[in-house]
Structure formats: C-alpha cells, structure tokens
1. Taking square-rooted eigenvalues a ≥ b ≥ c of the alpha carbon gyration tensor, is segment 255-413 rounded, prolate or oblate, where a/c under 1.5 means rounded and, failing that, a/b exceeding b/c means prolate?
2. Please list the non-local residues whose amide H lies under 5 Å from the amide H of Ile292, H modeled 1.01 Å from N, same-chain partners needing a gap of 5 or more.
3. Using a simple spin-label model with points 7 Å from Cα along the Cα→Cβ vector, what separation in nm is obtained for Arg385 and Lys255?
4. Long-range amide H contacts for Ile37: which residues qualify at under 5 Å (H placed 1.01 Å from N, peptide plane, sequence gap of 5 or more or a different chain)?
5. In the full protein assembly as shown, how much of Met376 is accessible to a 1.4 Å probe, in Å² to the nearest 10?
Amino acid sequence: MTTEVKVPTLGESVTEATVGELLKNVGDAVAVDEPIISLETDKVAVEAPSPVAGVIKEFKVGVGDTVEVDAVIAVIEEGAAPAKSSGEDAPKAAAPDAGVEKAAPAQAKEASASADASQTLSPAVRRAVLEHGVDPSTIKGTGKDGRLTKEDVIAAAEAKKSGGGASAPAASSAPASDGGERREERVKMTRMRQTIAKRLKGAQDNAALLTTFNDVDMSAVIEARNKYKDLFAKKHDIRLGFMGFFAKAACLALKDVPAVNAYIEGDEIVYHDYVDISVAVSAPNGLVVPVIRDAQDKGFARIEKDIADFGKRAKDGTLTMDDMKGGTFTISNGGVFGSLMSTPIINPPQSAVLGLHRIEDRPVVVNGEIVIRPMMYIALSYDHRLIDGREAVTALKIIKEAIEDPTRMLIDL
C-alpha cells in the first residue's frame, strides 16, 4: 500500500514554498513523522514529515521546485524493506543539486569523497565544500538530526588552516594560476533570500531613511555583567548578555518617544502601547527576525532566554511563522561579526531599527582627562516621514544614557 506525502499548511496567508533540500533518498526507510523534505517559505524553513512508516518509493519534486499547499511531493511504500542502495535509483528530479550548474570534474571529486554524505548536502553546504576544499564525510554536523551546515564546513576549513580538524582531499581549492581554468557557479536564490531582497529594497524605495549615530561607554554594563554573571546564570540558568540591557534601554526610549515605536499605514499613524522587539538572528538560509513580545513587561532573564531560544531554533531551522509575526521595533547586532559602524535598514512596516556594533577600547575624555574606555558605536535608522530628527536623536540619547547608567532602567528614568 502506498501513501502520498503532501505539502503541509505553511502558515497564515502562505500558499507556496520552494523545495530547499531532500532529507532522504529513494529507497530509504522512514519512520512515522520523520522529516523527508525541507521546504523554504518567505520567512522560515518547514519540514514535511512522512505520515506513515515505510520506504520512500518516489519523489514527485526536486530541489528548487515551487510547490503549493497540499500538493503531492513524495510517495511512501508502507512497511516495505529498504532498497540495498539508497540513491542509485533516485530520479534526476530529486537530485540534491538540481537547479545548480554542474561542477567541474575536479570539484565534483572534492565534494564526493563520501557518496552517502554528498547525497544529503544542501546547495549552500555543497557550495561551501567546493569553495573550501574539505571532505564532508569527516565533518560532524551540528544541524538538525546531525546534518551539516555551512558554518560546520567553514569551521572545519579554519581548523584545517590552523593545522588540525578535518582532513581534505588532495585536490587544491587555491585560485587558478595564470592560464588555468577559472570557474563560475550559478545558484538560484532561495525564496527567503528573494523575500529579504524585496523587503529591504522596498524599505529604501518607500521610506525616507536617515541614520543618527552616537557612541556608548560600555564600562558600567561590563562591570555589572562581571559582578553578577555567575549568580545570574545560577539562578536563571541563562547567560547574562548585552542584548537584555539594550532591549530594556530601548523600552525606555520607545516609551518616551512613541513615534519610534509606531508605523505608517496608509494615511494613518499606528501607535503601540507595547514594545514587541524584533531581534535580527543569523540563520543558515539568511537573516530572520523573531519577535520578543511585550518586552516592556519582561525582565532580563526572560529576554535573554527568548533570545537564546530564537538563536538555537534559527540554527535548527525550527522557527515558525508565528515567531516572526508583528514586531514594532528592531535591534540588529552587527558587532558579533566585528562591525565597527553601519547604517541598518528598517524592517517594514516598522519605522526604526537600532544597530549595535563591536566594543573596542578607545581613548575618550572624561572629566578633562584622556582615559581608555570600552566604547561602542550605536546607530538608529528611522523613517523620516514619521520620525523627526529631534525625536530620533532623543531616543538614541536615552538608550545611551541607560546603558552608561543601568540604574536608570530600574527606576524608569
């Protein structure tokens, strides 16, 4: 008896998705509710599970195909024994690298050191393997169900450069010498990347974007973290980070300057008496912005736990559409990647975004003397159609003062 696997419900107002990865091969045995295909929507990756236990008889789709809700994507033979070789008889439409130009022979050899491992590589991971010249079969995956992520490949490549870690094939990935073969690769943009591109370009086209900057002395926050981090972790079972401080400081600023927490809808301005903070989180397929709801009512521990949970689920690909719905203000921390300064783009329909950057020791003048302090540049990009310069500067100044004197967050100043 055969059973069809269909595209599950993807979320409110979402009717289609793109096949991002085939998690199994034709002939593989699957258990009930075991994921067999990863589907990419505008915002999240959704896994389609097998409704029965059995063996995969056929895939109706391949990587890169667009599918609608309730469409048949695979056929399961219930109770059948797995084939001796999983993948030899798989149809071409189900190949993991469908939609990607075929690699040159030398590259293909590098990426196929382990046939079984290469069968489950996503396009992004396969591309990273080719670029860095590592053997995927020697790398331990940290993704869902032990699958390789792009970050795993990059980490293995760095370990290889430093003299340890995964071994690599003999073929070199160094740039071709004069007269040697030069290669290009075309990879179709994921649905999520296409949506990110449209939204960010739309923000530039529709909003009057402007950015104001300030710098913050992080001494007080660093001192507070060093003093209480062990007690905080012991009591709340979570690390005390910087984002909790900036989230609470932002709540103070948005309370005093409500336009920064509002947005334009048609010819109306929508104000909010609550603060739902979208936190920019890096995921394998792109940047996502899950929402900390009612941040104005949450303490540091709850905010830090929410952020940690978002980061873990973004890496695992288990964030849902509901996690990212709404949001009245965004915080983006480019400092974790080493950014010194940037002009972040607002997250429509929101009207403002706070950009955080790396902390570095710099000479500053305090009470007439030059001293070395841990400083961070902060930026507030805003929609000038709604927010005046005075309001933007005031909001950023409130955040600066709260971070430099955290007591203000406790007594609501």
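1. Oblate, since a/c reaches 1.5 and b/c is not below a/b.
2. Ile277, Ser278, Val279
3. Here the modelled spin labels are 3.0 nm apart.
4. Leu23, Ala48
5. Using a 1.4 Å probe on the heavy atoms, I get roughly 10 Å².
The values are calculated or read from the model by the stated rules, or taken from the named source; none is laboratory data. If you're wondering where the values come from, they're calculated on a predicted model, not measured in any experiment. Neighbour counts run over all protein chains shown; Cβ positions are idealised from the backbone, glycine included. Calculation scope for accessible area: heavy atoms of the full protein, side chains included, ligands and nucleic acids excluded. Shrake-Rupley method; radii C 1.70, N 1.55, O 1.52, S 1.80 Å.
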